[in-house]
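Written below as structure tokens is the structure these notes are about.
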Amino acid sequence: QVQLVESGGGVVQAGGSLRLSCAASGSIFSSNLMGWYRQAPGKQRERVAVIGSGGNGNYADSAKGRFTISRAKNTVLLQMNSLKPEDTGVYYCYAYVLRSAFWGQGTQVTVSS
């Protein structure tokens, strides 16, 4: 089993920054894929960024150039800069371990215009 606990969400004005953190515990290793997804009201959950064992992030087009994903041991961070109102949503930490997907409880990010 894997447990994921997110922190760092909040309310910020457009153009501002937030940093999300996800602490993983349980049967997870540095080689496992981890990342962030988000779900806006009335929309499907979408991938924001993922990071594998090589340390290189893979980003959604909407996040490129503004968001940076990083990882230290079993903690994954998402630095979000130049935030836009369309970035508003619940952000979920994600881990893929032994062919199973694990999710955190989610943290709300609200960007006001």
Over the chain, with the other protein chains present, what is the accessible area per residue in square angstrom, probe 1.4 angstrom? 54
Rounded to the nearest 0.05, what FRET efficiency is calculated for residue 17 and residue 73 with R0 set to 35 Å and r the Cβ-Cβ distance? 0.90
When we measure straight from the Cα of residue 73, which lysines land under 25 angstrom away, once same-chain ones fewer than 8 places off are left out? 64
Rel. contact order, % - alpha carbon contacts under 8 angstrom, at least six apart, the stretch 24-113: 28
Across 10 Å bins from 0, what is the distribution of all Cα-Cα pair distances for the stretch 38-89, in whole percents? 23, 53, 23, 2
Along Cα→Cβ, 7 Å out, is where each label goes; now give me the distance between the ones at residue 61 and residue 5 in nm to one decimal. 3.8
Additional length obtainable on full extension of the chain from residue 82 to residue 103, 0.36 nm per residue less Cα span: 5.0 nm
Model label zone, residue 45; criterion: amide N under 20 Å from point 7 Å along Cα-to-beta-carbon; scope the stretch 88-113: 88-110
What percentage of all Cα-Cα pairs in the chain are separated by more than 17 Å? 48
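The values are calculated or read from the model by the stated rules, or taken from the named source; none is laboratory data. None of these values were measured; they are calculated from a predicted model. Here Cβ is always computed from backbone atoms with ideal geometry, including for glycine, and neighbour counts include all displayed protein chains. Surface areas here come from the heavy atoms of the whole protein model, side chains and all, with no ligands, DNA or RNA. Shrake-Rupley method; radii C 1.70, N 1.55, O 1.52, S 1.80 Å.
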